């Protein structure tokens, strides 16, 4: 108890000393308050649950079904946008519908204001008279000749007048290309996946591009015109063998059309049968008989059709179980055709002695590991086939003249196999090797697109003659490639609808 008193006494002394110190510092105004020794009482938690007051919803409006009341649930602006979208979709659907009968080129050109200029281009193409072509006989060429050809092919230059960026020949992905046979007028025809036909006059130009304020001279642009020829992908273009005034086209809309350039008219000459009248089977390939009176075509369901242009008659045969991707007719033996299919086969057929009771004779069959995209004859009887197993195969058939309707080629092994990346994917047109129709040197060669944005040229012996490209100017794969029928000019088209052209240095100038 004494210790407690001593503690209290010491505590009072400390308080007194502190008060004197505050007084000396003139802080005596500070409230002198005895500290409360009693501890703050502990707050106890109220465990009683509070009851929330319920709102009275009886006076609020009840939710009703707009559908049952016949009231549109869509806002007015959304409804208006939906109507605009429906109209737009209806217009696009109408564009995809096949238009039967004759079509005037003046009515299907994309820009009607360009018709007068486009008309002159068409007239120039129609006025060309095709010269007789002397086909060189097959002979053995020395390595020296091949080396000279290789040097010549490597000297081909990208067309200098226009940057490839401006050469958009069709609106969408290019699906087929053909070069006009004229040796004086450089003209290219291309088709795309929506059925547009583009015509490029390489030597022409137009000046309707808007110039900037700081530019004095009129700006030139390539002379290109578009025509809505089909309602589906254009698979093939072929000129009449006797008149470049007539251009045949086949399409996935199930039709074949003849474009008469001089008449400025496109006429429907065939509609594939066997499906819905509004959606006939798609035509995958087309060839014209050397006599010019017949056309042969294939469909995506494996059928082969022989059509007489002079009449309405057509004969249909089932050659494959799956899609036929390639079709070619022997230039010197028109009774021989070859087909390639999704069923991994390439077949040779003899069209002689055909009757209703006797099917087309299959002379030989080659089976690949994967789908064969194309197969094409050249004038010497060789076939080049492109396959998805990343190979290009060449089959030499020098004894084709001795074949009969009953001939069976037991061994269809290729004479040459070239490793080549053919994986074009979804957005690039399928790569197909195409022979040079009538090479001036007599040495057979073919061209094919390269996935590294090049155009490859090979000889019939598998020798790589050239790899044409320019990484600074060519930004897309020129998947669809084609030679001029007689000249060493080669063009390639890409998925962007643009085109590149390679010519000898002496052909770069305007004609």
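Structure above, values below:
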| item | result |
| --- | --- |
| Among (1) in contact with a strand residue (DSSP E or B) (Cβ under 9 Å, 6 or more places away or on another chain); (2) part of a helix (DSSP H, G or I) - the single one residue 182 does not satisfy | (2) |
| Residue match in the stretch 257-273 (condition: over 26 Å from the mean Cα position of the chain (by Cα), without any contact (Cβ under 8 Å) to a residue 24 or more places away in the chain, surrounded by fewer than 21 Cβ atoms within 10 Å (Cβ to Cβ) and assigned to a loop (DSSP other than H, G, I, E, B)) | yes |
| Given (1) surrounded by fewer than 21 Cβ atoms within 10 Å (Cβ to Cβ); (2) over 15 Å from residue 175 (Cα atoms), index of the condition residue 425 fails | (2) |
| Among (1) touching a helix residue (DSSP H, G or I) at 6+ places or on another chain (Cβ under 9 Å); (2) modelled with pLDDT under 95; (3) in a strand (DSSP E or B); (4) crowded, with 21+ Cβ neighbours inside 10 Å - the single one residue 253 does not satisfy | (3) |
| Selection count, the stretch 226-250, where residues are in contact (Cβ under 8 Å) with a residue 40 or more places away in the chain and either within 9 Å of residue 283 (Cα to Cα) or not in a loop (DSSP other than H, G, I, E, B) (or both) | 17 |
| Strands (runs of 3 or more DSSP E) wholly inside the stretch 457-511 that include at least 3 residues being touching a residue at least 12 places away in the same chain (Cβ under 8 Å) and under 19 Å from residue 204 (Cβ atoms) | 499-503 |
| The lone exception for residue 317 - which of (1) touching a strand residue (DSSP E or B) at 6+ places or on another chain (Cβ under 8 Å); (2) more than 23 Å from residue 373 (Cβ to Cβ) it fails | (2) |
| Unique residue being over 24 Å from the mean Cα position of the chain (by Cα) and touching a residue at least 40 places away in the same chain (Cβ under 8 Å) when the list is 308, 350, 293 | 350 |
| Residue match in the stretch 419-431 (condition: in a loop (DSSP other than H, G, I, E, B), modelled with pLDDT of 95 or more, out of contact with any helix residue (DSSP H, G or I) (no Cβ under 6 Å at 6 or more places or on another chain) and closer than 20 Å to residue 329 by Cα) | yes |
| Some residue of the stretch 270-278 being under 16 Å from residue 377 (Cα atoms) and at pLDDT 90 or above | no |
| Residues of the stretch 301-313 classified as at pLDDT 90 or above and either closer than 17 Å to residue 437 by Cα or surrounded by fewer than 17 Cβ atoms within 10 Å (Cβ to Cβ) (or both), total | 1 |
| Residue selected from the stretch 370-381 under the condition modelled with pLDDT of 95 or more and either in contact with a helix residue (DSSP H, G or I) (Cβ under 7 Å, 6 or more places away or on another chain) or not in a strand (DSSP E or B) (or both), by the criterion surrounded by the most Cβ atoms within 10 Å (Cβ to Cβ) | 371 |
| Which listed residue, of 224, 283, 234, is within 27 Å of residue 358 (Cα to Cα) and buried (at least 18 other Cβ atoms within 10 Å of the Cβ) | 283 |
| Those residues of the stretch 137-160 which are surrounded by 14 or more Cβ atoms within 10 Å (Cβ to Cβ) and at pLDDT below 80, in sequence order | 138, 141 |
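The values are calculated or read from the model by the stated rules, or taken from the named source; none is laboratory data. Bear in mind the structure is a predicted one, so any value in this text is a computation, not a measurement. Cβ sites come from the backbone with ideal geometry, for glycine too, and all protein chains shown count toward neighbours.
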